[in-house]
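S.K.: Input: one structure, supplied below.
Laboratory data are not the source of any read-out in this text; all were calculated from the coordinates shown. This is a predicted model, so every value here is computed, not measured. Cβ atoms come from the backbone with ideal geometry, glycine included; neighbour counts cover every protein chain shown.
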Amino acid sequence: MSVGRVLWASGPVLRARTTGSFQMREAVYVGSQSLLGEVVSINGEEIVAQVYEDATGLRPGEEIRGSGAPLGIRVGPGLLGNIFDGLLRPLSGCRPQYVEPGAGGGAACRFDFTPLVKRGEALGGGAVFGRVTPAQGRAQDCLVPPHVAGEVVDIADAGNHGEDAIVCRIRSAGGAVQEVAMGHFWPVRVPRPAAERLPSDEPLVTGQRILDCLFPVVLGGKAAIPGGFGTGKTVLLEALAKSCNADVIVYLGCGERGNEMAGVLEEFPKLTDPRTGRPLMERTVIIANTSNMPVAAREASIYSAVTVAEYFRDQGLHVALMADSTSRWAEALREVSGRLGELPGEGGYPAYLSSRLADFYERAARVRTLNGRTGSVTLLSSISPPSGDFSEPVTSHSKRYVRCFWALDIKRAQARFYPAIHPLQSYSEDAGELADWWVKAFGSVPAGAVAGRPANEWLELRRGFLTLLDEQVRLERMARIVGKDALPPRQQLALFCAEIVNEAFLRQSAFSDVDWYASPRRQAAMMRLIGRFIALAEQALAQGAPLERIAALGFLRPLQRMGEEIGEDRLGEFDVLAQRMEREFRGLSTEAGDVR
Ligand SMILES: Nc1ncnc2c1ncn2[C@@H]1O[C@H](COP(=O)(O)OP(=O)(O)O)[C@@H](O)[C@H]1O
Ligand SMILES: [Mg+2]
């Protein structure tokens, strides 16, 4: 075993003189408390390590021991439904509530195991060899570790076993026998292998209209959510964790203040999934690394979280990882880099910030797994740019690697317009991939009075809304100069319609009992209704109806409130509203005819 002696320590960084060979990125144990750390640089007999635990009290001369393995975590059936720290040591469940410095993984939980293979069977890496049925929650597959393959020489009978008990023995072609437990070790910085990366043409349905309809993300996609303080990043990520259609949610609270995380920690265990009626925690893993926890562990927590996500992906599941926030993670990187004496780059961040972000986002994917299934990891990460400035390094580098950018706008938030996603600063490069998927959602909604529907209603409506919102900004600027009343009626109408799109469609409270979630069918119905309104209003104006008359039509009030008032179980009412709208516009044109 390689050992050394601490020479120098500064915060979470220490230097040690060693005997024996340490490796880069090797996990190490430091001092009498066995604090967990990682080797970050080697120079002859001297190594530099960062320590993931509170290193107060560490002295020169204390021992540092190599573990012989890179920093890693144990992935297995004990993850779902539980809360962990950044190094995946449990903060809940059947293990201790608080992690003492130097504590390992804690006592393993026990699970009911059912073997799914027989002795003599050949198994490849990542194959399913058994199933676990926890007391509560979903059944989970037990996977052969990705780099283990061979013939099953021994498999446990059905029964209750500890998470770490050897339940399967596999003899490789070379004759070596590998022992396999229900869970296995995986180095967090190494992406888990998959058979193949697949393109994605299915959305992560978020239930938020502005996201699903205007800035959708595919399963296996990646989105960044930048926003200044108080613009709604945490509320949005929590809303998505509750409502999105992923099979498994990994929620990483990374460096935010403890009281923000407390919301998640207290609220989540009490929530039920409205679609299944089961506790939401059953599909959730929470990783909490708040600002009061050691800073270096925050740097590792993002890798722990994405490794957990990949582990569920490898079971053929769709996983969404919410990370709040990558700025705090980058700050940890900066702090440790500073202590290492590295040359600071832009904004004081180390030069490798960009490549670290790239490595992280690269792990988002829809894949064919080693066992032939399809699974995905979708990454959604918030960014808290200092003073809301999106040109700062973390935001600008993240932008290079994500395909969706959901920019939270301080002005919208101040006006209490939620979600405060800015429709012009935000974008999605995934929309084209999803056009066909939306044909189904639109097809399932009663067609209403819509005549001459375009080939792809969703794409057309989306384009129409975005153009209108773009026009709104231009016209508002003009109106500020010349006065709104000086604008030609067509432009005044455009402003009015843009307001309807904002108020009746994009505004959606995460705290509403009815509107916290909108199914694709409901979104399609609302989108179509507003699209039809815009067409009818333009037509009426062209035929001579004054804007004041259009703006006074009776259906407009229920139209603006439809998100709050027409719930998922009353979708037929959109049709009633559509008919009323057609009727009132017809009345308007008869009236206009009379006047003429
Ligand atoms: N989608 C939303 N619906 C309703 N209220 C919201 C929404 N998003 C944010 N808010 C309000 O804004 C406040 C601040 O949001 P929060 O997510 O904590 O901001 P951030 O994480 O960006 O600092 C919340 O406490 C809530 O009152
Ligand atoms: Mg927050």
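S.K.: Under the Kirkwood approximation applied to all pairs of distinct alpha-carbon atoms, what is the hydrodynamic radius of region 256-333 in Å?
M.R.: Evaluated on region 256-333, it is 13.8 Å.
S.K.: Additional query: Round to the nearest 0.05 the FRET efficiency obtained for F229 and E582 when R0 = 56 Å and r is the Cβ-Cβ distance.
M.R.: Efficiency computed from Cβ-Cβ geometry: 0.75.
S.K.: Would you compute, from DSSP H runs of 4+ residues alone, the mean residue ellipticity of the chain at 222 nm, taking -39500 (n - 2.57) per run and dividing by the full residue count, rounded to the nearest 500?
M.R.: Using -39500 (n - 2.57) per qualifying helix, the result is -10000 deg cm²/dmol.
S.K.: Right, another one. Could you sort 248-255, 479-486 so that the peptide with the highest average Cβ count within 10 Å comes first and the rest follow in order?
M.R.: By packing density, highest mean first, the sequence is 248-255, 479-486.
S.K.: Arranged by the count of other C-beta atoms within 10 angstrom, fewest first, what order do E564, E299 take?
M.R.: E564, E299
S.K.: Taking only the C-alpha atoms, wrap a convex hull around region 196-429 and report its volume per residue in Å³ as a whole number.
M.R.: Roughly 122 Å³ of hull volume per residue.
S.K.: Continuing with the same structure: Put +1 on the Cβ of each Lys and Arg and -1 on the Cβ of each Asp and Glu in the chain; which of A139, W458, T395 then has its Cα farthest toward the positive end of the dipole?
M.R.: Going by the charge dipole, the pick is W458.
S.K.: Given the Cα-Cα distance of E63 and A552 and 0.36 nm per residue of separation, how much length would full extension add, in nm?
M.R.: So the extension gain works out to 168.1 nm.
S.K.: Nearest 5 percent is fine: what portion of the DSSP beta bridges confined to the chain is antiparallel?
M.R.: In the chain, DSSP labels about 70 percent of beta bridges as antiparallel.
S.K.: In whole Å, what are the Cα extents of region 3-71 along the three principal axes, biggest one first?
M.R.: Answer, in whole Å and largest first: 26, 21, 17 Å.
S.K.: What ranking of E538, E335 emerges when the number of other C-beta atoms within 10 Å of each C-beta is taken as an exposure proxy, fewest first?
M.R.: Fewest to most other Cβ atoms nearby, the residues stand as E538, E335.
S.K.: Sorted by mean Cβ packing within 10 Å, highest first, what order do the peptides 81-87, 170-176 take?
M.R.: Taking the mean over residues of other Cβ atoms within 10 Å, the ranking is 81-87, 170-176.
S.K.: Express the Stokes-Einstein translational diffusion coefficient of the chain in µm² s⁻¹, to the nearest whole number, given a Kirkwood radius over alpha-carbon pairs, 20 °C and a viscosity of 1.002 mPa s.
M.R.: 81
S.K.: OK, next. What is the P(r) of region 438-595, as percent of Cα-Cα pairs per 5 Å bin from 0?
M.R.: 1, 8, 18, 20, 21, 16, 10, 5, 1, 0
S.K.: Over the alpha-carbon set of region 174-246, work out the extent along each principal axis and list the three values in angstrom, largest first.
M.R.: The principal-axis extents, from largest down, are 57, 30, 20 Å.
S.K.: Points 7 angstrom from Cα along the Cβ direction at D436 and E538: gap in nanometres?
M.R.: The two pseudo-label positions are separated by 2.9 nm.
S.K.: Quick one: putting +1 on the C-beta of Lys and Arg, -1 on the C-beta of Asp and Glu, what dipole do you get for region 109-183 around its Cα centre, in Debye to the nearest 20?
M.R.: The dipole magnitude comes to about 100 debye.
S.K.: What value in Å³ per residue do you get for the convex hull of the alpha-carbon atoms in region 296-363?
M.R.: Measuring per residue, one finds 76 Å³ for the Cα hull of region 296-363.
S.K.: While we're on this one: With the cut-off at 1.5 for a/c, could you classify region 109-183 from its C-alpha gyration tensor as rounded, prolate or oblate?
M.R.: prolate
S.K.: Shifting gears a bit: Answer with one residue from Q579, V218, A158: the one whose Cα lies farthest towards the positive end of the charge dipole of the chain, charges on Cβ with Lys, Arg +1 and Asp, Glu -1.
M.R.: With unit charges placed on the Cβ atoms, the residue in question is Q579.
S.K.: On to the next question. Which of the DSSP-defined H helices in the chain satisfy a minimum axial length of 27 Å, computed from C-alpha atoms, and a minimum mean Kyte-Doolittle hydropathy of 0.0?
M.R.: 295-313, 520-542
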